[in-house]
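A quick write-up on the structure given underneath.
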Amino acid sequence: MKLTDRDQEMLDGIDGEGVALAMQVLVAIGRAFDAEQMCDISRAHVALSNQDADLWFAERLVAGGAVCRVSPTVNPGFCLEFFRQLPGLSSADMETMERTEVAYRALGAQLTYDCTPYLQGNVPRFGEVTAYSESSATPYMNSVYGARTNRESAQSALCAAVTGRVPVYGLLLEENRMGQVHVHVEPTLTDEFDYHLLGYAVPRKAGLQTAFVPVFTGIPANVSPEALMNLGAELNTGGNVPMYHIVGVTPEAPTLEAAFHGDPPDETIVITASDLAEEQQMLSAEGGPIDFALLGCPHLSLDQLRAIADRIGSRKFKSEFWVMTSFYAKELAGRMGVAEVIEKAGGNLVPDTCIDQVVWKHLAGKKGVTDSLKGAYYTQRRDMEFVLRSVGDCVEAAIRGATS
Ligand code: F3S
């Protein structure tokens, strides 16, 4: 891979050990993928996880004096202020979150702790070259905005933020952005939950574990940002899909032919209503009494919070009700009286927090309801069991104390 003089200086340690380490990682990735050169990025998002490897690497960069050239937004850990008041967190758990915050602050990251930065705060224009990690963020950037990013890890995105550079390979190259699998969606999708199911069903039905770019037909032109957020999150969790096209909706797919760059698809699959029902049945625990509802994987938007509050009205929850959201949406929900409705019903609106964190220890061994297949998948290792339902049905279940 050809390096510029400036790349070589960073690699040689002129800017300090931290920058040199970041450059070594990027050069190794570039060589592994036969990149010919590196290029600048204008944005980054780091899927901070507040877990051991994440913290170890961030602290190593800090010790080497690294500061981000492109200040990245970051994924949630957990909200210390919120969970400190509740029982269950050990001092070691709190110390990890505090050290994560100290490290990322020293690196010059934007401490957003939100997994939907593409909805607010870190939004690109068409064609921008970026470095995004986080399973729902990468497909949203490539597909919905037509910006360019590879499926970065938290560490490679952080190295890109530190150096301002990425190796040019994969989805940064025009030829790799063409569709491979034509996916026709037969049923009319009416609820955002349908897109969770669709995202998980496609890699399974296509039988592909390796990366591929699906091209959808049959999705309505007025599909909501939240539905697209769910679709990307699940495509890239149930499979390896950092980009998709929707004909007539996403910018690189004005027509079916354009999405496939004029070539025929490698494969065509049809998703039926029974595929979606089967997906739900396969991944969901059996319905019945529940202990809690946990929503917001990915973080719910302000519109989704408003819809929840409208549905609750003046009713109260029988089960615990937890909603994870961004600090922006929580702040606006507070100003608009939406948070008050959820909290008066006995619910909790939690900012800055991920479903895959130690703060949910009190839910271990219990049965919950969620709309997120990704969330249900990640929490298996935390001994949580989930019935899968739409957000509206989750609200009703938490009010009744049981799912339908
Ligand atoms: Fe967000 Fe964590 Fe889910 S980062 S998408 S809440 S696994």
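Here are some notes:
- Extended-chain gain in nm, criterion 0.36 nm per residue less alpha-carbon gap, A277 and K316: 11.1 nm
- The charge dipole of the chain, taken about its Cα centre with unit charges on the Cβ of Lys, Arg, Asp and Glu (plus for the first two, minus for the last two), comes to roughly 880 debye.
- Ordering V183, V369 from the fewest to the most neighbouring beta carbons within 10 Å gives V183, V369.
- Residues whose amide H lies under 5 Å from that of I246, counting only those 5 or more places away or on a different chain, are F216; hydrogens are built 1.01 Å from N in the peptide plane.
- In terms of surrounding Cβ atoms within a 10 Å radius of their Cβ, V62, V74, V338, V162 rank from fewest to most as V62, V338, V162, V74.
- Each of Y195, Y140, Y378 was scored by other Cβ atoms within 10 Å of its Cβ. Arranged with the fewest first, they read Y378, Y195, Y140.
- Gaussian network model of the chain, springs between alpha carbon atoms under 10 Å - residue of D52, D275, D12 with greatest fluctuation: D52
- Max mean-square fluctuation residue, GNM over the chain, Cα-Cα springs under 10 Å, options G287, G375, G337: G337
- The chain: most fluctuating residue of G296, G365, G77 per GNM, C-alpha cutoff 10 Å: G365
- Summing +1 for each Lys or Arg and -1 for each Asp or Glu among the other residues whose beta-carbon sits under 9 angstrom from that of Y169 gives -2.
- Residue-wise HN-Hα coupling along region 288-298, computed from phi with Karplus coefficients 6.51, -1.76, 1.60 (Hz; x: Gly, Pro): x, x, 10, 8, 7, 10, 9, 10, x, 10, x
- In this structure, the amide hydrogen of R69, modeled 1.01 Å from its nitrogen in the peptide plane, lies closer than 5 angstrom to those of V162, T163, G164, counting only residues at least 5 positions away or on a different chain.
- Computed over region 178-281: relative contact order in percent, which uses C-alpha pairs under 8 Å that are six or more apart: 42
- In the chain, Cα pairs under 8 Å separated by at least six residues give a relative contact order of 16 percent.
- HN-Hα J in Hz across region 57-70 - Karplus 6.51, -1.76, 1.60, θ = phi - 60°, x for Gly and Pro: 6, 4, 5, 5, 5, 4, 4, x, x, 6, 9, 5, 6, 10
- Gap separating the Cα centres of region 123-164 and region 210-254, nearest whole Å: 16
- Dipole of region 5-170, positive end: most advanced residue of Y118, S42, A161 [Cβ charges, Cα centre]: Y118
- Toward the positive end of the charge dipole of the chain, with +1 on the Cβ of Lys and Arg and -1 on the Cβ of Asp and Glu, the farthest Cα among L294, Q209, A58 is that of L294.
- Model label sites at K361 and T4, defined 7 Å from Cα along the beta-carbon direction, differ in position by 4.8 nm.
- Selection from T272, L256, M282 lying farthest towards where the dipole of region 226-282 points positive, charges on Cβ: L256
- For K367, a cut-off of 28 angstrom between C-alpha atoms picks up these lysines, skipping any fewer than 8 places away in its own chain: K316, K318, K330, K344.
- Reported to the nearest whole Å, the Cα centre-to-centre distance from region 341-404 to region 35-86 is 26.
- Exposed loop sites were defined as trypsin sites (Lys or Arg not before Pro) in DSSP loop states (anything but H, G, I, E or B) carrying at most 11 other C-beta atoms within 10 Å; in the chain the longest segment without such a site runs 126-404.
- Computing FRET efficiency as 1/(1 + (r/R0)^6) for T268 and E81, where r is the C-beta to C-beta distance and R0 is 45 Å, gives about 0.35.
Each value in this text was obtained by applying a stated rule to the coordinates, not by laboratory testing. Here the structure is a predicted model, which is why all the values come from computation and not from measurement. Cβ: placed from backbone, ideal geometry, glycine included. Neighbour counts: every protein chain shown.
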